[in-house]
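The values are calculated or read from the model by the stated rules, or taken from the named source; none is laboratory data. Just so it is clear, the model here is predicted, and its values are computed rather than measured. Using ideal geometry, Cβ is built from the backbone for each residue, glycine included, and neighbour counts are taken over all protein chains shown. Note: accessible area is taken over every heavy atom of the protein model, side chains too, but ligands, DNA and RNA are not part of it. Shrake-Rupley method; radii C 1.70, N 1.55, O 1.52, S 1.80 Å.
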Amino acid sequence: MNEIKEITDLNQISDTKIPEKSELPVSMPVVPLRDIVIYPYMMYPILAGRESTISAINYSLEREKYVMLVTQKDSRTEDAGPENLFEYGTVAKILQVIKLPNNLIKVLVDGIAQAKITAISHDKFLTAEIEYIFPKIEESTELTALIRQATKLFYDYVANNRAVAQESLTAYDNIKEPDRKLYYIASTILVSVQRKQRLLEINTLLGQYFELIDILSSELEIFKVEKDIETKINQSMQKNQRKFIVQEQIRILQEELNDEDETDPDFVKLKDGIQKSKMPKDVKEKAMEEFQKLKKIPPMSPEATVSRNFLDWMISVPWSVYTNDNLDIEHAKEILDEDHFGLEKPKERILEHIAILNNIQSKNKRRNKGKKPKESLKARAQILCLVGPPGVGKTSLGKSIARALDRKFVRISLGGVRDEAEIRGHRRTYIGSMPGKIIQSMRKAGTSNPVILMDEIDKMGMDFRGDPASALLEALDPEQNNTFNDHYLDVDYDLSRVLFITTANVQFQIPLPLQDRMEIIQMPGYLEHEKLEIAKRHIIPKLLIEHGLSTSEVEIPDASLHKIIVEYTREAGVRNLEREIASLMRKITKEIVLAKAKLNGSAKLNGSAKYKKVDKVLKVNAELIEKYLGVPKFKEKQADKEDKVGSAVGLAWTSMGGDILDIEVSVMPGKEKLTLTGQLGDVMKESAFAGFTFIRSNAAKFGLPKNFFSNKEIHVHIPEGAIPKDGPSAGITMAIAMISALTGNPTRSDVAMTGEITLRGEILPIGGLNEKLLAAQRSGIKTVLIPKENEKDLKEISDKIKKGLSIIPVEKLDDSVKHIFKKKFTKKK
């Protein structure tokens, strides 16, 4: 069956042209209707569930698609026989049908004409012989007067009936034909089925208008009576309200005489909470002012609930409640190393901050020893922002910092936050208002100096409700956050002792004003040897415990771990690595349990018998990994061992680490054109054009004639076209590949390069050198050309990565030629 679109206006006017009477059938299936009357020119969706009705619809679909729509006299009757149907109805055409669950169908029908049933038969469904009724439309003064009267009454009806949309008047005004106007009003008004049915039983248009005017007049009379009743009820309510106000005034006078206040346990509890909360003086004054206001508000008033909730928040938020920091640097270093492998820069920065806190605490003790206490020195609050790809340990590092300092830890997820009020709270004028996430976190921590981790700060958005990033500017500014103002509390709150840590995946998605207030700490993806150590020190011990295993049962050698890292994961972090090892552990656990069951016999699997110990240690090898985890998902790239013309090896940084980039160039006869393929970004395309311009302007250096580009087309392609690529660091590689293709001079396959090229052939610095060198080592590359300005970065790169690599810094493209091409170029004059 054909599906139909959702019908939102149930009384949609049809613009279908009515067929000639001779074209319409006089016999057709009958579709009984419950509680509705459908008129000509109306499109209406019907829900059908009775077998006889579905059979009638299916029969009609196989023929002219016409059905006779007749309303039941009693809608509660399930089996609609001829005796329970009205004699008059509407012939309609089925437009579309959609199947629904529970053997229901929805049918969209279009009313065609009034009709009378002359004969009816009953088999699987009702079939009727019909006689069509086409009321004559003759222009006359009487008809015009009736239309005007009906229109006036319809406008009054819509104005008084809230259940009818005002838009129905616009639709009505757009109708010109008298009969369509009549049927539109009849289908829109909310009256009984019997009254609506009466319109179908009148054969003349004038008679139908008289009946419609009678219906509208009756309804308007009812509205008038209802309005009178409503006025009387309002007058009665006003009397009751005056009585209530007088009673409340009496109660307020009694409260002012302190008849009840001092003994009310709720008020006593609130007052004690305010006194013991350690609020600053001005905040306490505001709380007491609100408390006095609450005492005068009637308990059943909505304002009382708002005021009570406000005071509950004021009391529950920590004011000058601090935990004692553990500022032992050795202890902090031990905790950080225990929880995380690598991440030396972030750890070093955290230890520096702890050292500053330790030093200031010691100086304050010496200053105040045996003397009148002076104003204590305070460490400048630091806002740290950990930026790195998913899964590298940003969130868990925040937890470790809190554990190292012995502070409370609270995490705020900012991903998808679009409303400023989620940060700064809603004003109390709104129903259901509450403080923002920062004050909520302080209440959750219960102390004034917790570690608050704001996760995914780069995933915030903005819309008509405000910009949450702008709301964070005050909270994350060390110069301002000692007077942070939440819209709900509307008092200054000191956040200067809070250690804020934020995390993000992409730095450029963080608004610049926010970046200016934070210290950005980059957390690059883990390298393979780091992932290996993390798996051995953290992931495997944790998963062994979770799966009820021990090292005496399962052993995963380094070679097997390396295979999982390289061939089953491709990520910057270790989340997928943990999933793959967990999958391996589940299957190993199953094998061990089955082995134990086999040793002890299937009859002892009820848990009462003691299992014999399986002494054999299961050593996970490559064959076992492929059996449990399936075929490898990724293949490690290896550099080509054959020197080729028109080819060069580049180095690329990806969010999953580093990779080699094979660049291919072909030269062919054709128009003077440089074609770039491989889903390259704009920056990468510009690098290719810059390299090609350098070659054209220095053609003689490479033994090329000045007109080498005449009638030739150069095609530069970077394989793996489904993967988007961008960035300037492949500029040198594309230029070398083009020189090789144009000169026919092959490049060395064991040399890889990276660097941005300028029009003068200068090689500019790049990023991600650590990952790129690792990719070169992994792929069997022997020599790597890097920009001269990146030479200083080699000091920070591990010797494990540089081992076996000949790293040559180059300043210009001319310097790199001798390391890449085996044949020298003959300069042309």
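Computed over all pairs of different Cα atoms, the Kirkwood value for the hydrodynamic radius of region 674-751 is 13.2 Å.
With a Förster radius of 60 Å applied to the beta-carbon distance between N621 and E177, the computed FRET efficiency rounds to 0.10. Near L704, the amide H atoms lying under 5 Å from its own belong to K828; only residues 5 or more places off or on other chains count, and H is placed 1.01 Å from N.
Counting only alpha carbon atoms, the long axis of helix 575-600 and the longest principal axis of the chain meet at about 90°.
Computed extension gain for D815 through F464, at 0.36 nm per residue and net of the alpha carbon distance, reaches 120.8 nm. Could you work out how far the C-alpha centroid of region 408-477 sits from that of region 272-298, in angstrom? About 25 Å separates the Cα centre of region 408-477 from the one of region 272-298. Accessible surface ranking for W319, W653, 1.4 angstrom probe, highest first: W653, W319. From helices alone, the chain scores -13000 deg cm²/dmol at 222 nm; the rule is -39500 (n - 2.57) for each run of n ≥ 4 DSSP H residues, then divide by the residue total. Ignoring ligands, DNA and RNA, what accessible area per residue does the chain give at 1.4 Å, in Å²? Roughly 54 Å² per residue, with all protein chains present. Antiparallel beta bridges, as assigned by DSSP with both residues in region 618-737, represent about 70 percent of the total such bridges.
Placing dummy labels 7 Å off each Cα toward the beta-carbon, the span from T231 to S433 is 3.9 nm.
The alpha-carbon atoms of region 294-351 define a convex hull whose volume equals 153 cubic angstrom per residue. Helix 329-339 and the longest principal axis of the Cα set of the chain meet at an angle near 60°. When restricted to Cα atoms, region 409-557 yields an Rg and a Dmax of 19.9, 65 Å, respectively.
Counted over the chain, the DSSP beta bridges are approximately 60% antiparallel. When peptides 299-305, 476-482 are ranked by their average number of other Cβ atoms within 10 Å per residue, the highest-first order is 476-482, 299-305.
Scoring 83-90, 392-399 by mean Cβ neighbours within 10 Å over their residues and listing the highest first yields 392-399, 83-90. Figure note: D682, D486, D266 ranked by solvent-accessible area, largest first, 1.4 Å probe, ligands and nucleic acids not counted: D682, D266, D486.
Length available on full extension from E87 to R349: 0.36 nm per residue minus the Cα-Cα distance, which gives 85.4 nm.
Going through region 627-709, which trypsin sites (Lys or Arg not before Pro) have at most 11 other Cβ atoms within 10 Å and a DSSP loop state?
Numbers: sites: K627, K633, K635, K637, K641, K644, K671, K673, K685, R696, K701, K706; in loops: K633, K635, K637, K641, K671, K706.
Here the trypsin sites (Lys or Arg not before Pro) that fit, given the DSSP loop and packing criteria, are K635, K641, K671, K706.
Suppose R0 equals 60 Å; then what is the FRET efficiency for T305 and M668 from their Cβ-Cβ distance, rounded to the nearest 0.05? Rounded to the nearest 0.05, the efficiency is 0.15.
The angle between the Cα long axis of helix 265-276 and the main principal axis of the chain comes to about 30°, on a 0 to 90 degree scale.
Segment E720..K823, full-extension length gain: 34.1 nm, with 0.36 nm per residue of separation and the alpha-carbon distance subtracted. Pairs of alpha carbons in region 43-176 separated by more than 25 Å make up 44% of all such pairs.
Each listed q (0.13 Å⁻¹) maps to a log10 I(q)/I(0) for region 124-271, found by the Debye formula over equal Cα scatterers with no solvent: -0.73. Binning the alpha carbon pair distances of the chain at 10 angstrom intervals from zero yields the distribution 2, 9, 11, 11, 11, 12, 15, 14, 10, 4, 1, 0, expressed in whole percent. Note on A165/K286: beta-carbon distance plugged into 1/(1 + (r/R0)^6) with R0 of 51 Å gives a FRET efficiency of 0.60. For L206, project a label point 7 Å along Cα to C-beta. Then give me every residue of region 116-148 with its amide nitrogen under 13 Å of that point. Only 136-147 fall inside the zone, counting backbone N under 13 Å. Along the Cα→Cβ direction, 7 angstrom out, place labels at K363 and V246. What is the inter-label distance in nm? Label-label distance for K363 and V246, simple model: 7.3 nm. Fraction of C-alpha pairs exceeding 24 angstrom in region 496-601: 46 percent, rounded to a whole number.
Across the cross-link table entries K281/K394; K394/K802; K271/K408, which are compared at the Cα atoms, the separations over 31 Å belong to K281/K394.
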